[in-house]
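Colleague: Below is the structure I would like to discuss, written out as structure tokens.
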Amino acid sequence: MFATIDTRRMAVADNKNNRAAARPPFDSAIRTLLCCFALLGVGAHAVEADRSWVDAIGDWLGDSNEKVTPSHVFRATLDLIGEIRILREELGADDYPPEAERQEDRAPVHVYAKTLEVMSKVARAQRRLGMEAAEVGQIPIKVVEPRDVLGSVAGVLAELRKIKAQMVIEREIDPAPFAGGKTPSLVYKNLADASFLLDGLAGRPLTPNDVYLNTLYILDELELIAAKLRARLSLDAPAVEGRKMPKDVAQQVLRASYKMVNLQTRLGMDASSVPNLTLVRVTPSEVYDATNMLLAELTRIKHHLDINVPRQNRPDPRNKAPTDVFGQVLLIIENLDRMAQSAA
């Protein structure tokens, strides 16, 4: 798959200046700055933790209050998909990625969570290529706006262009035109497509190990919230009888989503939307996506309760099966019930 890597690396020095000279201008000042910083490898983590990269660019333009809409983010995700397609063609990805399903009722916080999934796959591709992996990060504990999502997408673009520079890939995308009227759900759908396209570069689709890690992060977030509500958490997953499949896990994640709605309602919040899982042909990717929505909603609860504490990173688990994930989700449901009682 990566037969030309050594040849490409040897040509880096000779082609560096040519790449800079051949790069076409973008259609606006902010897009020019986004591209330049991305090609230099400056990620979204280069600015202070409480300000997005787009905020910093707005400061330099003298218009930090410029309105960023889902349509701006949609255009950026089209550029993102274009860069991934170039990498797939140049590096010989030979898988057949599925197309993501239509999305509904997505909010900017959900879209931000999806950008982190995409970044995690970019980081995996970088490790596979022998590069330093990007930091994935977390959802900011705030009311997430399209401007924040745009900054996260810009960070992913920066990391993709690092790969292009490392592999001496000269091809450039045609920047996507701006079209109004886009929604967070349409942006989410684009990011889901990007995630599937990245599987061929990352080396594999998402697995039960990835979903299990998300359940650990959910429990970590629940622990922070429980401390605020003075609720006692259960720490031991219940025993699970029989062998479970991803569809069984997805059913329990849907139960957990309704429990989340109940907790948010008792806390006086606007309730979350439940993931639109069809439960027809469920893969770990769909279950991972649904657990990502739980993490996004827990971030909303943390902001509502003024819990400004990020969770700790965990090592990647190994050798987990859907049955292991099933037990973890049952534990999540039990603890959501406990906290709902404390919030009553």
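Colleague: Arranged from highest to lowest average of other beta-carbon atoms within 10 Å per residue, in what order do the peptides 309-316, 170-177 appear?
Modeller: Packing proxy ranking, top to bottom: 170-177, 309-316.
Colleague: Sort 142-148, 178-184 by packing, meaning the average of other beta carbons within 10 Å per residue, with the highest value first.
Modeller: Packing order, densest peptide first, comes out as 142-148, 178-184.
Colleague: Let me ask something else. How large is ³J(HN,Hα) for each residue in segment 281-289, as worked out from phi by the Karplus curve 6.51 cos²θ - 1.76 cosθ + 1.60 (θ = phi - 60°), to whole Hz, x for Gly and Pro?
Modeller: Result, ordered by residue: 10, 9, 10, x, 5, 5, 5, 4, 4 Hz.
Colleague: Then there's this: Say each of ARG85 and LEU129 gets a label point 7 Å from the Cα, pointing the same way as Cα to Cβ; how far apart are those two points in nm?
Modeller: With each label placed 7 Å out from Cα toward Cβ, I get 1.9 nm.
Colleague: Could the peptides 319-330, 288-299 be put in order, highest first, of the mean number of other beta-carbon atoms found within 10 Å of their residues?
Modeller: 288-299, 319-330
Colleague: Would you pull out the residues with amide H under 5 Å of VAL136's amide H, same chain only if 5 or more places away, H placed 1.01 Å from N?
Modeller: Sorted by chain and number, the residues that satisfy this come to none at all.
Colleague: Okay, moving on. From the convex hull of the Cα coordinates of segment 71-211, what is the mean projected area in square nanometres?
Modeller: About 8.6 nm², averaged over all directions.
Colleague: Okay, moving on. Would you please classify the overall shape of segment 90-151 from the alpha carbon gyration tensor, given that a ≥ b ≥ c denote the square roots of the eigenvalues, rounded means a/c under 1.5, and beyond that prolate means a/b larger than b/c while oblate covers the rest?
Modeller: Since a/c reaches 1.5 but b/c is at least a/b, the shape of segment 90-151 is classed as oblate.
Colleague: Karplus couplings for segment 140-149 from phi (6.51 cos²θ - 1.76 cosθ + 1.60, θ = phi - 60°), rounded to Hz, Gly and Pro as x?
Modeller: Listing the rounded values in order: x, 7, 6, 6, 6, 10, x, 4, 5, 5 Hz.
Colleague: Something else: On a full-extension model of 0.36 nm per residue, what is the gain between MET245 and ARG281, subtracting their alpha-carbon distance, rounded to one decimal in nm?
Modeller: Gain on stretching MET245 to ARG281: 11.9 nm.
Colleague: In straight Cα distance, which lysines are under 16 Å from LYS182, not counting same-chain residues fewer than 8 positions off?
Modeller: Those lysines meeting the cut-off are LYS67.
Colleague: Using a Cα-Cα cut-off of under 26 Å, which lysines could be cross-linked to LYS164, ignoring same-chain neighbours fewer than 8 residues away?
Modeller: Filter leaves LYS16, LYS114, LYS121, LYS189.
Colleague: While we're looking at this one, here's another question. Among all the lysines, which ones have a C-alpha under 20 Å from LYS244's C-alpha, if same-chain residues fewer than 8 places away are not counted?
Modeller: Qualifying lysines at Cα under 20 Å: LYS320.
Throughout, read-outs are computed from the coordinates displayed, never taken from laboratory work. Please read all numbers here as calculations on a predicted model, not as lab measurements. For neighbour counting, all protein chains shown are included, and Cβ atoms are generated from backbone atoms with ideal geometry for every residue, glycine included.
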